[in-house]
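First up is the structure itself, then whatever we jot down about it.
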Amino acid sequence: MKQVAVTIIILFSALFAVAGEELKVGVKGMVCAFCAQGIEKKFKAEPEIEKVKVSLENKFVLLTFKDGKNLTKEKIKEILKDAGYEANFDEKSPEPIKESDKKPSTEKK
Amino acid sequence: MRLKITFLFTMMIAWTSAIWAHPVSYKDAIGLMSYNTPQMNEVLLTYSLSPQFAVAATYLRDSKSEFYIPRANFLLKRWNKDDSQANIYLSAGAGYEKFNTKNYGARLAELVADWESRKYYIYFDHLYINRDNEDNALLKEKDYNHSKFRVGTAPFLADYEDLNVWLILQAEKHLNESQIEMTQFLRFYMKNTLWEVGARFDGGWAFNYMVHF
């Protein structure tokens, strides 16, 4: 009985540990904190978004979606356009995502 | 007719000026900017209806005159590059000048051009105000012109959540005066707040503040 309870707890923990899908989007023209703040605010307003991480150094925004949710590339382009910037899906980020980058700068509350 | 329009537009471009780098921001953004020296104060409140257009209001105090001018700010052109961004903004508005309890008509035009990367920054603005007031002995000219040119560099590169520090050198001139005022600034910004403290070469001070909501 005890083993069954432990197994159930582990399974539940694993369920909650599953992170939403992540997407890294390059952003052209994002060179200052004001730029980053606008981009972060725009993405945070989307109901599909769980977390937003902006990296000025690597010029990307890392989006973590809620489970089962996503945004199309067209929608992401539109959001960035509203913020005054351009999405860059084609080019790879100069550096791979580091573990420290994955720590969200903001979590939606 | 076309020549006249071109001429008027060219004159408008030539006259206009601005004190702030980003008079238009992202859609639905509210910006509050303030520029202060012992001789002059300016406050600009903006609301961006789109990334290209903002409605705004300027308060400006100079030489015992106070200007209250609603205005429209336009992003004429933005270049988004991988490592830099450049912008041209144009503003126009009409309001009034308060002097000795009397109100006089005043019209404003302003041009801003900037280029910035994470390491370097170049900025130009020109402010033009056409005034009906001829009574202020300290501001005799009906055309108020004020130009600024800035260059800046970041001594180290900071990311979004870090404190960003910039060193900036500014030259400014009122077109009706001969002297060019030079000011060195330390700029700090973090997330949505920017502030600058400046020391003029002739001993004066300056303090600027900017926040986006």
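Observations, loosely collected:
Matching residues to (1) at pLDDT 95 or above; (2) open to solvent by 70 Å² or more (accessible area, probe 1.4 Å):
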{"site": "B:W79", "(1), (2)": "yes, yes"}
{"site": "B:D82", "(1), (2)": "no, no"}
{"site": "B:L90", "(1), (2)": "yes, no"}
{"site": "B:G93", "(1), (2)": "yes, no"}
{"site": "B:R107", "(1), (2)": "yes, yes"}
{"site": "B:L111", "(1), (2)": "yes, no"}
{"site": "B:Y120", "(1), (2)": "yes, yes"}
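- The single residue among B:E110, B:E141, B:E97 that is under 30 Å from A:I39 (Cα atoms) and acidic (D, E) turns out to be B:E110.
- Residues that are touching a helix residue (DSSP H, G or I) at 6+ places or on another chain (Cβ under 8 Å) and within 13 Å of chain A (Cβ to nearest Cβ) number at least 1 in the following strands (runs of 3 or more DSSP E) confined to the range B:62-126: B:84-99.
- First in the range B:161-174 and assigned to a strand (DSSP E or B), second anywhere and open to solvent by 50 Å² or more (accessible area, probe 1.4 Å) and modelled with pLDDT under 95, Cβ under 6 Å, 6 or more apart: B:A171/B:I180; B:K173/B:I180
- For B:L127, the requirement of being within 20 Å of B:D143 (Cβ to Cβ), in contact with a Phe, Trp or Tyr (Cβ under 7 Å, 6 or more places away or on another chain) and of a type in the set (A, V, I, L, M, F, W, C) is not met.
- Within the range B:44-61, considering residues that are away from every other protein chain (no Cβ under 13 Å) and open to solvent by less than 70 Å² (accessible area, probe 1.4 Å), the one nearest to A:L80 (Cα to Cα): B:V55
- Count of residues meeting criterion [within 14 Å of chain A (Cβ to nearest Cβ) and open to solvent by less than 70 Å² (accessible area, probe 1.4 Å)] in the range B:155-195: 14
- Residue in the range A:40-48 that is part of a strand (DSSP E or B), open to solvent by less than 70 Å² (accessible area, probe 1.4 Å) and at pLDDT 90 or above present: no
- Complete set of residues in the range A:21-53 that are charged (D, E, K, R), more than 7 Å from every other protein chain (Cβ to nearest Cβ) and touching a strand residue (DSSP E or B) at 6+ places or on another chain (Cβ under 6 Å): A:E21, A:E22, A:K24, A:E40, A:K44, A:E48, A:E50, A:K51, A:K53
- Which numbered condition B:Y104 fails, given (1) of a type outside the set (S, T, N, Q); (2) under 23 Å from B:L32 (Cβ atoms); (3) touching a strand residue (DSSP E or B) at 6+ places or on another chain (Cβ under 6 Å): (2)
- Subset of the range A:54-87 that is in a strand (DSSP E or B) and of a type in the set (S, T, Y) - its residue that is farthest from the other protein chains (Cβ to nearest Cβ): A:T64
- Residue in the range A:66-83 that is in contact with a Gly (Cβ under 7 Å, 6 or more places away or on another chain), surrounded by 16 or more Cβ atoms within 10 Å (Cβ to Cβ), closer than 22 Å to B:L49 by Cα and at pLDDT 60 or above present: yes
- Evaluation of B:K142 against the conditions (1) surrounded by 19 or more Cβ atoms within 10 Å (Cβ to Cβ); (2) among the basic types (K, R); (3) farther than 30 Å from A:E40 by Cβ shows that the sole unmet condition is (1).
- Checked against (1) away from chain A (no Cβ under 14 Å); (2) open to solvent by 10 Å² or more (accessible area, probe 1.4 Å); (3) under 21 Å from the mean Cα position of the chain (by Cα), B:D135 meets all criteria but (3).
The values are calculated or read from the model by the stated rules, or taken from the named source; none is laboratory data. Predicted model, so just to flag it, every value in this text is computed and none were measured. Cβ coordinates were reconstructed from backbone atoms using ideal geometry, including for glycine residues, and neighbour counts include every protein chain displayed. Surface areas here come from the heavy atoms of the whole protein model, side chains and all, with no ligands, DNA or RNA. Shrake-Rupley method; radii C 1.70, N 1.55, O 1.52, S 1.80 Å.
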